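Notes follow once the structure below has been shown.
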Amino acid sequence: MLTALTGTYGDRPDAVRVAGRTASYEELLGAARAVAADVAGAPAFAVTATPTLEIVAAAVGALLAGVPLVPLPPDAGPAEREHILRDSGAELLDVDFARRSDRTPASAAAPGDPALVLYTSGTTGPPKGVVLSAAAITADLDALAEAWQWSSEDTLVHGLPLFHVHGLVLGVLGALRTGSRLVHTGRPTPEAYAEAAGSLYFGVPTVWSRVARAPREAAALAGARLLVSGSAALPAPVFRDLERLTGLRPVERYGMTETLITLSGRAGGAVRPGTVGTPLPGIRTRIVAEPGAEIGELQLTGPTLFSGYLGRPEATAAAYTEDGWFRTGDIAAVDASDGVHRIVGRASIDMIKSGGYRIGAGEIENALLDHPKVTEAAVVGVPDADLGQRIVAFVVAEGVTGAELTDFVAAHLSVHKRPREVRFVSAVPRNAMGKPQKKLLLTDEF
Ligand code: MCA
Ligand code: AMP
């Protein structure tokens, strides 16, 4: 997977730049070898995934040693950290980029062995560990390199978090696979994107909508070759604003932690706003719809799929149909004339996408119910111009403020999982079975 580190494309002093610090491939390899020596033989290891050269060295070290890396969200509170460490059995490693080794430890790892374990939300319960093999990651990166004509001539720029597929797999391992220079801007701000002078840019829709609202910074991207959006739906007005300001039509792609990226528009191809392109090489899709309907659940198969949820064989089995197709839980439609896919929505109201982060309503509800003053809680995603959806919590509670509850969730789980709005109600509407009627919460009455 690490062709750039084997000398294929030569070396350069600024091969990898993360939040203002640069390293050559040789320096990165030396630091990664030291990590590999530290973790060799362990079942897994964890690193706090602050955007730094250290997390890049940890990801490379994991691959060299054949030991899966568990990247911990840097904003995770104690409950989330403890859950991830306990569930994965990983020990937390402190990486020092200045420590170098010139020897790669022997590893018996095979391509199908776990390389990464990424924690992601379901609709209920705590996050599950998604096990990704080196083989799945390599298949995905090669398919994307083909789709985007991504090569060692490129400078990839992004500022996405390094504990999810988008930032870590595409944004770091993708650069090391293709040999493109990497500039991680620390934060995904319009100013930092403009300054970085890249040829290829990655962003979630919230990032692109902020770029589109900063015309001067957006104009600085006109020299790029390709702008790629993913992790949530790119609103058509943002697509049009970007095209007007940069002269580039952004390419949208679709994926999931469990499947990696499976659908994408092509560099040089015709892209239409609101569409996510066609299946990548090796991916097959089908739409499972009610008779007569054109939209239905998107299901897929292919070499980029995960190896399973760590330690949860039932949850893994439930993610597949009886005939072996992965159920995405997304509702989609396919244009019969050209095979271009459109994501229409999600099957479950309990899966929220906010700022490109996937957040399960049940996880937030459980956190709120852990607060001594809260007796009932129901969480929904409400349309939001900046975040796509924003988390709104409806709670029954006395003697506590909304800000206190927001801080409580931010501190216990993650800052990015905090409700952006808390509404106090006298009761959560429920059906005869006692199940919350969340659709009612989205009406004006509440
Ligand atoms: C505010 N802050 C608080 C609180 N309120 N901190 C603690 N407690 C509070 N109550 C602070 C934060 O610490 C932070 O401070 C600042 O407010 C801003 O935080 P936040 O509001 O969360 O940031 P944002 O500006 O809303 O973030 C927007 C974003 C972010 C940058 C677009 O959502 C983002 O990085 N999204 C990317 C998600 C992603 O990569 N998803 C990929 C999933 P300070 O600024 O001081 O730190 S992988 C995937 O989906 C698949 C495979 C795919 O298709 O890609
Ligand atoms: P995650 O596991 O965090 O990667 O979230 C995966 C989910 O993000 C998918 O199931 C979709 O709901 C959503 N998603 C990713 N890319 C897109 C896209 N281009 N358009 C719409 N939804 C997307």
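The values are calculated or read from the model by the stated rules, or taken from the named source; none is laboratory data. Just so it is clear, the model here is predicted, and its values are computed rather than measured. Don't worry about glycine lacking a Cβ; one is built from the backbone with ideal geometry, like all the others, and counts go over all protein chains shown. With ligands, DNA and RNA removed, areas are computed over all heavy atoms of the protein, side chains included. Shrake-Rupley method; radii C 1.70, N 1.55, O 1.52, S 1.80 Å.
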Per DSSP H run of at least 4 residues, take -39500 (n - 2.57); add these up for the chain, divide by its residues and hand me the 222 nm value, nearest 500 deg cm²/dmol. -7500 deg cm²/dmol
Along each of the three principal axes of the Cα atoms of the range 335-394, give the extent in whole Å, ordering the values from largest to smallest. 56, 22, 15
Round to the nearest 10 and give me the degree value, 0 to 90, for the angle of helix 134-148's Cα axis relative to the longest principal axis of the chain. 90 degrees
With the convex hull built on the alpha-carbon atoms of the range 212-309, volume per residue in Å³ sits at 133 Å³
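Please state, as a whole number in µm²/s, the translational diffusion coefficient that the Stokes-Einstein equation yields for the range 292-353 at 37 °C and 0.692 mPa s, with Rh defined as the Kirkwood radius across alpha carbon pairs. Mind showing how you got there, number by number?
Numbers: Rh = 13.3 Å.
The calculation lands on 247 µm²/s.
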Ala267 versus Leu440, label points 7 Å from Cα toward the beta carbon: distance in nm? 5.3 nm
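Diagonalise the Cα gyration tensor of the range 395-446 and give the resulting equivalent ellipsoid semi-axes, square root of 5 times each eigenvalue, largest first, whole Å.
Numbers: eigenvalues 106, 32, 25 Å².
Gyration-tensor ellipsoid for the range 395-446: 23, 13, 11 Å.
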Once the Cα atoms of helix 78-88 and of the chain are each reduced to a long axis, what angle between those two axes, in degrees from 0 to 90 to the nearest 10, is obtained? 60 degrees
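Rounded, prolate or oblate for the range 73-141? Axes are the square roots of the Cα gyration tensor eigenvalues, ordered a ≥ b ≥ c, and the cut-off for rounded is a/c under 1.5. Display every interim value, and only then the final one.
Numbers: a/c = 2.38, a/b = 1.32, b/c = 1.81.
Oblate is the answer for the range 73-141, as a/c is 1.5 or above yet b/c matches or exceeds a/b.
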Going by average Cβ density within 10 Å per residue, which order do the peptides 48-61, 147-160 take, highest to lowest? 48-61, 147-160
So, by mean Cβ neighbours within 10 angstrom, what's the order for 118-131, 323-336, 412-425, 195-208 with the highest one leading? 195-208, 118-131, 412-425, 323-336
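More than 43 Å apart: what percent of Cα pairs in the chain qualify?
Values: 10833 of 99235 pairs.
It works out to 11 percent of all Cα pairs.
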Using bins 10 angstrom wide from zero, how does P(r) for the range 45-187 break down, in % of all Cα pairs? 11, 40, 37, 11, 1
Taking a probe of 1.4 Å, how large is the accessible area per residue of the chain, in Å²? 41 Å²
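Out of all DSSP beta bridges in the range 110-186, what portion is antiparallel? Express it as a percent rounded to 5. Don't skip to the answer; put the middle values down first.
On the way: 6 of 10 bridges.
Bridges in the range 110-186 that DSSP calls antiparallel: roughly 60 percent.
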Want the number for Asp94 to Val344: 0.36 nm per residue separation, take away the alpha-carbon distance, what's left? 85.8 nm
Rounded to the nearest 5, the percent of DSSP beta bridges in the chain running antiparallel is 65 percent
For helix 236-246, what angle does its Cα long axis make with the longest principal axis of the chain, in degrees from 0 to 90 and rounded to 10? 30 degrees
Projected label distance in nm at Arg284 and Met433, using a 7 Å step from Cα toward the beta-carbon: 3.4 nm
Roughly how many nanometres apart are two label points built 7 Å out from the Cα toward the Cβ at Ala236 and Arg187? 3.3 nm
Could you give the length gained on full extension between Asp102 and Arg216, defined as 0.36 nm per residue of separation minus the Cα-Cα distance, in nm? 36.5 nm
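Estimate the FRET efficiency between Glu404 and Arg12 by the formula 1/(1 + (r/R0)^6), using the beta-carbon distance for r and 35 Å for R0, to the nearest 0.05. All intermediate terms of the calculation are to be shown ahead of the outcome.
Details: r = 50 Å, r/R0 = 1.44.
Given R0 = 35 Å and the Cβ-Cβ separation, E is 0.10.
State the percentage of accessible surface on the chain attributable to carbon and sulfur atoms; use a 1.4 Å probe and exclude ligands, DNA and RNA. Intermediate values should be presented prior to the final figure.
Values: 9440 of 18290 Å².
Ligands and nucleic acids excluded, carbon and sulfur reach 52 percent.
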Taking a point 7 angstrom from the Cα of Ala40 along the C-beta vector, which residues in the range 59-86 have backbone N less than 15 Å away? 61-67
Stokes-Einstein D for the range 1-117 (25 °C, 0.890 mPa s, Kirkwood Rh from Cα pairs), in µm²/s, comes to 169 µm²/s
